[in-house]
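Heads up: the structure comes next, in structure tokens.
The values are calculated or read from the model by the stated rules, or taken from the named source; none is laboratory data. None of these values were measured; they are calculated from a predicted model. Methodologically, a virtual Cβ is constructed for each residue, glycine included, from the backbone with ideal geometry; neighbour enumeration extends over all protein chains shown.
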Amino acid sequence: MNEALRIETPLTLEKIKGLMAGDNVLISGVIYTARDAAHKKMVEALEQGVDLPFPLDDQIIYFVGPTPAREGQVIGSAGPTTSGRMDAYSPKLIAKGLRGMIGKGLRSQGVIDAMKEHGAVYFGAIGGAGAIISKCIISAEVIAYPELGTEAVRRLTVKDFPAIVVIDHCGNNLYEIGKEQYRKP
């Protein structure tokens with residue numbers, strides 16, 4: 001197992017060029033949360049020429065709807081949600097400068113094509129490890145769409161958030177690589 005690469009946000013194009021499918025990473029800095037309802041609102045805002053709640057350039061969106069924080073906690077359990085639910089919206093956000101996405105599960109060919117064309121990566125986080133992941137979140141603030149409750153857009157500050165590069169900016173896909181390695185005699 002390779003040693004984890006440390007990444008500080010913002011996630012620039014230069015930084016993603018050094019990431020390969022299968023790399024373990026520890027992300028520190030600011031990331032944003034959004035699930036499908038927030039993605040829909042953001043894409044509608046773009047189509048109407050309205051500013052988004054945060055600038056997309058060189059940012060990472062974590063597909064999560066955290067549980068409420070208990071007393072003394074920054075955030076509740078914060079495990080990833082299924083990324084495919086954002087596939088209808090992700091290519092438009094990537095085209096506007098989004099560089100990274102964190103979630104779980106497969107991505108559509110349209111998302112992968114947008115990643116290759118514009119330069120973005122898809123990180124996988126461990127499903128079922130939301131309580132552990134939440135300990136990497138130093139601060140959390142709702143910045144948009146509070147009416148969406150747990151799906152509101154949040155600005156998170158994270159320290160050593162563990163993830164793996166599932167799909168790199170060249171389209172190399174760890175899910176496909178793993179299948180090929182398994183098939184080898």
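Could you please find all residues in region 150-178 being at pLDDT 95 or above, among the small types (Gly, Ala, Ser) and not in a loop (DSSP other than H, G, I, E, B)? Residue satisfying the conditions is 163 alone.
Across region 84-114, the number of residues qualifying as among the polar types (S, T, N, Q) and buried (at least 23 other Cβ atoms within 10 Å of the Cβ) comes to 1. Regarding region 138-149, can at least one residue be identified that is modelled with pLDDT of 95 or more, among the aliphatic types (A, V, I, L, M) and part of a helix (DSSP H, G or I)? Yes: region 138-149 contains one or more residues that are modelled with pLDDT of 95 or more, among the aliphatic types (A, V, I, L, M) and part of a helix (DSSP H, G or I). Any residue that is among the acidic types (Asp, Glu), closer than 23 Å to residue 116 by Cα, in contact with a Gly (Cβ under 7 Å, 6 or more places away or on another chain) and surrounded by 14 or more Cβ atoms within 10 Å (Cβ to Cβ) - is there at least one of those in region 48-60? Yes, region 48-60 has at least one match.
Just give me the residues in region 18-40 being among the acidic types (Asp, Glu) and within 17 Å of residue 79 (Cβ to Cβ), in sequence order. If the condition is that a residue be among the acidic types (Asp, Glu) and within 17 Å of residue 79 (Cβ to Cβ), then 36 is the only one that fits. Scanning region 44-87 for residues that are among the aromatic types (Phe, Trp, Tyr) and under 12 Å from the mean Cα position of the chain (by Cα) gives 62, 63.
Just so you know, in region 124-137 the residues that are in contact (Cβ under 8 Å) with a residue 40 or more places away in the chain and in a helix (DSSP H, G or I) include one that is nearest to residue 21 (Cα to Cα), and it is 133.
Inspection of region 19-40 finds no residue satisfying the criterion of being more than 18 Å from residue 103 (Cα to Cα) and out of contact with any Ser or Thr (no Cβ under 9 Å at 6 or more places or on another chain). All conditions but one from (1) of a type in the set (Gly, Ala, Ser); (2) modelled with pLDDT of 95 or more; (3) closer than 22 Å to residue 27 by Cα apply to residue 49; the one that does not is (3). Scanning region 149-176 for residues that are touching a strand residue (DSSP E or B) at 6+ places or on another chain (Cβ under 9 Å) and of a type in the set (A, V, I, L, M, F, W, C) returns 152, 153, 156, 158, 161, 163, 164, 165, 166, 167, 174. Check every one of the strands (runs of 3 or more DSSP E) wholly within region 1-109 and list those with 3 or more residues that are in contact (Cβ under 8 Å) with a residue 24 or more places away in the chain and either in contact with a Lys or Arg (Cβ under 8 Å, 6 or more places away or on another chain) or over 14 Å from residue 121 (Cα atoms) (or both). Ranges flagged: 24-33.
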